[in-house]
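Data first, discussion second: the structure below is written as structure tokens.
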4 protein chains.
Amino acid sequence: MNKNKPKFKQIIEAAVEVIAENGYHASQVSKIAKKAGVADGTIYLYFTNKEDILVSLFEEKMGQFIDQIANSIHKKQNASEKLFTLIEMHFRQLADDHHLAIVTQLELRQSNKDLRLKINNVLKPYLAVIDHLILEGIEEKLFREDLNLPLVRQMIFGTLDEIVTNWVMKDQKYDLLDQASQVHTLLVNGLSMK
Amino acid sequence: MNKNKPKFKQIIEAAVEVIAENGYHASQVSKIAKKAGVADGTIYLYFTNKEDILVSLFEEKMGQFIDQIANSIHKKQNASEKLFTLIEMHFRQLADDHHLAIVTQLELRQSNKDLRLKINNVLKPYLAVIDHLILEGIEEKLFREDLNLPLVRQMIFGTLDEIVTNWVMKDQKYDLLDQASQVHTLLVNGLSMK
Amino acid sequence: MNKNKPKFKQIIEAAVEVIAENGYHASQVSKIAKKAGVADGTIYLYFTNKEDILVSLFEEKMGQFIDQIANSIHKKQNASEKLFTLIEMHFRQLADDHHLAIVTQLELRQSNKDLRLKINNVLKPYLAVIDHLILEGIEEKLFREDLNLPLVRQMIFGTLDEIVTNWVMKDQKYDLLDQASQVHTLLVNGLSMK
Amino acid sequence: MNKNKPKFKQIIEAAVEVIAENGYHASQVSKIAKKAGVADGTIYLYFTNKEDILVSLFEEKMGQFIDQIANSIHKKQNASEKLFTLIEMHFRQLADDHHLAIVTQLELRQSNKDLRLKINNVLKPYLAVIDHLILEGIEEKLFREDLNLPLVRQMIFGTLDEIVTNWVMKDQKYDLLDQASQVHTLLVNGLSMK
DNA sequence: AATGAATGAGAATTCATTCAT
DNA sequence: CATGAATGAATTCTCATTCAT
């Protein structure tokens, strides 16, 4: 299968770099091929078209991203700790890979509706992890039982995503991880006084 | 000034419709001109280029959007009510204008970095309204005093934006306004049991 | 008749300035109108189209140019002196009007074949003056009698034109008139030793 | 290197034909591509843009033109014979290629200042050949020693150019080469009686 | 006579994808 | 498997000219 051949990953890594450096619209297939050290035509032996490179990039990177988070969460005792770990891992992984952060937060969003639907599919396992975490919190009586699951998921994901995007747009100048604890508190306790 | 001439608004309305119906990338200037009932060249008497149509569209629509919210909030007594009103008005205005919702949540995000920076500028007054509301809540001792202002702002905006985007991507099938109350509770009280 | 109305000349003067300053292709009708202090539409009350402005400009300016030369020559005694005067006047008039020199030597040549044919027509009286001068020289036995009239005319005009064009392309940095005497000698005596 | 690939010359030949037949402004890239039997995009594998086609055309054709003249001159004994050969070769080459004559004398002059400066650069070696010839004539005591080199060069080139242009504008109806001898006499002996 | 808002035709260039070698 | 030369569809913007006022 193509996915395990070295050139597959080679092309994906090249795509991340090229997109991070040049932006989505200036990232021609020929530029990615050059950076990957292959001929233009070779790209099409591993990917059906340009969109497939981007979807595969997202699958590959998000797969690892989600696995890392799922693994780390697994070890934690309760929903609150799990949420903290999820936030921390979400931030840490993007803070550790600046190119990837630019690509996922800014560049890939310039894709058309079709591609964005496929990207959403890739995100589903992550959203499932969040859902699971919320349900666990409810069972543990840490979270309120009347929580609207999709809404809470959207709040959590929307908050994290917006925070990371702001950080990327500010050129990643401050330390994203410093914010994990406060974000955790905000999500768990909201804005209210105790 | 061009902005007050009828054709300026006429072209913007046409642009919203065309983009909502055809998608960002399939919205040629000639299509917008045709829908607006003017010649292609007339577009360029009112806008410097295609990007300027989109920025102006966003300025025009978001200006009204923000004014409406600011006005409604103004009448409310405390920060909690104001936040509720902000959520409700945010949802209501997009729910009332399906085309606009599609354009702002999906299509305009496909624009390049340059345009997105301009769009962010247009959003600043809205973010200022949110900031103001948070500070008021803190003064009223409704909200915790240790709140990190940018972070809270990002949570609120990120949450609302993600919820609206999900609703648009689900083809606006359910009633967005029904969620306002629950979102308000979530933001104010977080996930915790009382 | 339009030609004697003040706006006719006003527009032509504006055209010379605009073309000299902006170049042929960047000289839109609207720019000429603005410089002339009239509305775009007004141009079309005095000229049938843009080409007509340029032809009229050339007619107007070349008419004066040729009249000046013809008058000056008339006073001279023999063909050699007349040729010298023609050269001197040709150079002087262009050296005295830098804008006109740029327009006639560089910018107007970028026009299409049609316009150039019309411009050639305007030049015919000048070429007739040259022809006349040559014939006079032959009659006076100053010039050889076996001269091929069109060829000599082309040599004289081609030489003067090339010299002026080189001077304009070198940004009119040196004194064109200084060359008149040498050019006269060259044309009369050729390259040979006496 | 692209310049030696067959398609490079193929496209240039097509450009000469298309421009000669349709005129400079009606010579779209797609027309040239069609005549050359390649796709529009292929043009841009060999030329950076449309202007580059024209500059390359001129370089290619003038390069040969000048080489031919330089070679022919080289064999001649004295400056007078060399000048005659230069005139004859100048005329012959343009008379032998009607399309090229139209393109160089009429169409390419409609280009903008930028392109014309580049074209002038291509002409420099030709002007150097002329300069060399004049200096040789002076050394041989055939030509006067007080000749102003740039001025003489401009007279020679201006004369030849004007004669060829007149011939092209008269639709190349008469035999250009017939004039070589008379032009030579004119340049060498001027207008004077012996 | 004068205005100037409106018109709409027209063309260079890019780049994802193919396929003969 | 790999190559890379060739393809060709697709779109913004300019500006000479008109005509209702």
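Near B:V183, within a Cβ-to-Cβ distance under 15 Å, what is the net charge of the other residues, with Lys and Arg +1 and Asp and Glu -1?
Net local charge, B:V183 excluded: -4.
Which pairs break 31 Å Cα to Cα here: B:K5/B:K118; A:K113/B:K9; A:K50/A:K75?
A:K50/A:K75
For chain B, what does the convex hull of the Cα positions come to per residue, in cubic angstrom?
Taking the convex hull of the Cα positions in chain B, it is 129 Å³ per residue.
Mind giving me the nanometre distance, one decimal, between the label points for C:K9 and D:H25, set 7 Å out from Cα along Cα→Cβ?
Reported label-point gap for C:K9 and D:H25 is 3.0 nm.
Just to be sure I understand: if I project the alpha-carbon convex hull of the range D:1-110 onto a plane and average over all orientations, what area do I get in nm²?
That works out to 7.4 nm², a quarter of the Cα hull's surface.
In sequence order, what are the phi-derived ³J(HN,Hα) couplings for the range C:40-46 according to the Karplus relation 6.51 cos²θ - 1.76 cosθ + 1.60 with θ = phi - 60°, rounded to whole Hz, with x for glycine and proline?
3, x, 4, 3, 7, 7, 10
How large is the dipole of the range C:33-125 about the Cα centre if only Lys and Arg carry +1 and Asp and Glu carry -1, each at its Cβ, rounded to the nearest 20 debye?
180 debye
Order A:129-141, C:70-82 from most to least packed using the mean count of other Cβ atoms within 10 Å.
Sorting A:129-141, C:70-82 by mean packing, highest first, produces A:129-141, C:70-82.
Using θ = phi - 60° and the Karplus form 6.51 cos²θ - 1.76 cosθ + 1.60, what ³J(HN,Hα) does each residue of the range A:72-89 get, whole Hz, x for Gly and Pro?
5, 5, 3, 7, 7, 7, 10, 4, 5, 5, 4, 5, 4, 5, 4, 4, 4, 5
Taking 0.36 nm per residue of sequence separation and subtracting the Cα-Cα distance, how much length would be gained by fully extending the chain between C:L117 and C:E81, in nm to one decimal?
Answer, rounded to one decimal: 9.8 nm.
Taking 0.36 nm per residue of separation and subtracting the Cα-Cα distance, what length does fully extending A:N2 through A:A70 add?
21.9 nm
So if we plug the beta-carbon distance of C:K124 and C:H99 into 1/(1 + (r/R0)^6) with R0 = 25 Å, what FRET efficiency do we get, rounded to 0.05?
The formula returns an efficiency of 0.55 here.
Pick from C:T104, C:T48, C:T85 the residue whose mean-square fluctuation is largest in a GNM of chain C, springs joining Cα atoms under 10 Å.
Per the Cα network of chain C with a 10 Å cutoff, C:T48 tops the list.
Taking each residue in D:159-169, count the Cβ atoms of any other chain within 10 Å of its Cβ, then average. What number comes out?
That works out to 5 on average.
Considering every residue in C:136-145, what mean count of other chain Cβ atoms within 10 Å of its Cβ is obtained?
Per-residue shielding by partner chains comes out at 2.
Tell me the net charge near C:Q154. Cut-off is 13 Å between Cβ atoms, C:Q154 excluded, with +1 for each Lys or Arg and -1 for each Asp or Glu.
Charge balance in the 13 Å sphere: -3.
Stokes-Einstein at 37 °C, 0.692 mPa s, Kirkwood radius from Cα pairs: D for the range B:1-47 in µm² s⁻¹?
314 µm²/s
Assign unit charges at the C-beta atoms only (+1 for Lys and Arg, -1 for Asp and Glu), then state the dipole size of chain C relative to its Cα centre in Debye, rounded to the nearest 20.
380 debye
Have a look at C:L106, B:Q110, B:A95 and report the one farthest towards the positive end of the charge dipole of the protein assembly as shown, computed about the Cα centre with Cβ charges (Lys/Arg +1, Asp/Glu -1).
So the residue furthest toward the plus end is B:A95.
List every residue whose amide H lies under 5 Å from the amide H of A:L191, counting only residues 5 or more places away in sequence or on a different chain, with H placed 1.01 Å from N in the peptide plane.
B:V188, B:N189, B:G190
How big is Rg to Rh over the range D:138-194, alpha-carbon atoms, Rh as the Kirkwood inverse-mean-distance radius?
1.05
Which of these, C:L115, C:L45, C:L94, has the largest mean-square fluctuation under a Gaussian network model of chain C (Cα springs below 10 Å)?
Per the Cα network of chain C with a 10 Å cutoff, C:L45 tops the list.
Using the basic label-point model (7 angstrom from Cα toward the beta carbon), what is the A:T48 to C:D175 distance in nanometres?
8.1 nm
Averaging over all projection directions, find the projected area of the Cα convex hull of the range B:25-80 and quote it in nm² with one decimal place.
It is 5.7 nm².
Can you give me the three principal axis dimensions of the range A:93-150 from its C-alpha atoms, in Å, biggest first?
Here the Cα extents, ordered largest to smallest, are 40, 29, 14 Å.
With viscosity set to 1.002 mPa s and temperature to 20 °C, compute the Stokes-Einstein D of the protein assembly as shown, Rh being the Kirkwood radius across alpha carbon pairs; µm²/s, no decimals.
So the translational diffusion coefficient is about 65 µm²/s.
In degrees from 0 to 90, rounded to the nearest 10, what is the angle of the helix A:180-189 Cα long axis to the longest principal axis of chain A?
The helix A:180-189 is inclined about 50 degrees to chain A.
Considering only the other residues whose Cβ falls under 12 Å of the Cβ of A:S72, what net charge follows from Lys and Arg at +1 and Asp and Glu at -1?
Summing Lys and Arg as +1 and Asp and Glu as -1 gives +1.
Find the sum over both chains of the accessible area lost when C and D are paired, probe 1.4 Å, and report it in Å² to the nearest 100.
4000 Å²
For the range B:86-116, which residues drop by 10 square angstrom or more in accessible area between the chain on its own and all protein chains together (1.4 Å probe)?
B:L106, B:E107, B:R109, B:Q110, B:N112, B:K113, B:R116
Distance between Cα centroids, the range D:57-73 to the range A:129-194: provide it in whole Å.
76 Å
The values are calculated or read from the model by the stated rules, or taken from the named source; none is laboratory data. These numbers come from a predicted model, not from an experiment. All Cβ positions, glycine included, derive from the backbone under ideal geometry; neighbour counts span all protein chains shown. Just the protein is used for accessible areas: all its heavy atoms, side chains included, with ligands, DNA and RNA removed. Shrake-Rupley method; radii C 1.70, N 1.55, O 1.52, S 1.80 Å.
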